[in-house]
Structure formats: C-alpha cells, structure tokens
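FYI, it's all coordinate maths here, none of it is from the lab. The model shown is predicted, which means the values in this text are computed figures rather than measured ones. As a convention, Cβ positions derive from the backbone with ideal geometry for all residues, glycine included, and neighbour counts pool all protein chains shown.
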C-alpha cells in the first residue's frame, strides 16, 4: 500500500510548516510525546498473541511494530544523510512489507529497539 503523490505532498507540506514553528529541541520533545502512546498500545497485546493477525486482512502487532521500525529507520537515514553529506535524500516510500522481525517477540523489545534508534538520532539533531 502506498499513498498518492498528491496526498504525500499535502502531508509533507503540513509537516514542514508545523516543524518550522518549533526549535529542534521542541520538535524532539513533540516527537517523544506523540509516540509515547505506542508503548502502551503494544503492551496491551498479550505476548502469546503478538504475532497473531486478528483477521487475515489485518496486521499483527508484530507487523505494525515492524512497519514503525522500518519507517523510523528510513527517516533517520535520510536525516543523517543530509547531516553527513548535505544532500537531499531520495524520496522515502511508505511501503508495507507485512513482515515481522523474528528477533523481537514482544512489544517491549520492539519499543526498546525503536527508542534506541530514535534517541540516537534526536541526540544528534537536538544539540
């Protein structure tokens, strides 16, 4: 599943406008606050059912978290590329893989993986 180019540009424009209103430290704080509910949402899923799809057409919690990790990594690499090389990154695609990470078996492991990567990036851009 991908979003249309027009929708992507509309969302991108909105995010840029909102981000331009904040300092890097404020933007980092907003990101932390806005993503905090993900921890509780994931923790509400019993570990025994974390990889189970509610229906064949719905994602498991593990697949949702994998998508979050994938998108977080793509965004982080794009930002780091700008910082390291001063070059615009290639467009980030919101591609749904429908995969789960076998090494991450519950919400807490996914959350810690997400936090470690996110905080490494935020430390770099918030100074």
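According to the square roots a ≥ b ≥ c of the eigenvalues of the Cα gyration tensor, what is the shape class of the chain, taking rounded for a/c under 1.5, prolate for a/b larger than b/c otherwise, and oblate for the remainder? Write down the numbers at each step before the final one.
On the way: a/c = 1.92, a/b = 1.49, b/c = 1.29.
Prolate, since a/c reaches 1.5 and a/b exceeds b/c.
Mind checking which of 24, 37, 56 has the largest fluctuation in a GNM of the chain, springs on alpha carbons under 10 Å?
Maximum among the listed residues: 56.
Would segment 45-93 count as rounded, prolate or oblate if I go by the C-alpha gyration tensor, calling it rounded below 1.5 in a/c and otherwise prolate when a/b exceeds b/c, oblate otherwise? Please report the intermediate quantities before stating the final value.
Details: a/c = 8.34, a/b = 3.03, b/c = 2.75.
Cα axes put segment 45-93 in the prolate bin.
Does anyone have the angle between helix 61-85 and the longest principal axis of the chain? Alpha-carbon axes, 0 to 90°, nearest 10?
Around 20 degrees separate the two axes.
Which residue, 116, 11, 82, tops the fluctuation ranking in a GNM of the chain built on C-alpha contacts under 10 Å?
Per the Cα network of the chain with a 10 Å cutoff, 11 tops the list.
For the Cα atoms of the chain, what angle does the longest principal axis make with the long axis of helix 5-19, in degrees from 0 to 90, nearest 10?
Between helix and principal axis, roughly 70 degrees.
Compare 76, 40, 102 in a GNM of the chain, Cα atoms joined below 10 Å, and give the one with the largest fluctuation.
102
Output the 0 to 90 degree angle, nearest 10, between the alpha-carbon long axis of helix 24-35 and the longest principal axis computed from the alpha carbons of the chain.
So the inclination is approximately 20 degrees.
Residue 120 versus residue 99, label points 7 Å from Cα toward the beta carbon: distance in nm?
Using points 7 Å along Cα→Cβ, the separation is 1.9 nm.
Report the FRET efficiency, 1/(1 + (r/R0)^6), for residue 7 and residue 82, where r is their Cβ-Cβ distance and R0 is 25 Å, rounded to 0.05. Intermediate values should be presented prior to the final figure.
Numbers: r = 24 Å, r/R0 = 0.94.
For residue 7 and residue 82, the calculated efficiency is 0.60.
Using Cα-Cα distances under 8 Å and only pairs 6 or more residues apart, what relative contact order does segment 24-125 have, in percent?
Working: 79 pairs, mean separation 34.8, N = 102.
The normalised contact order for segment 24-125 reaches 34 percent.
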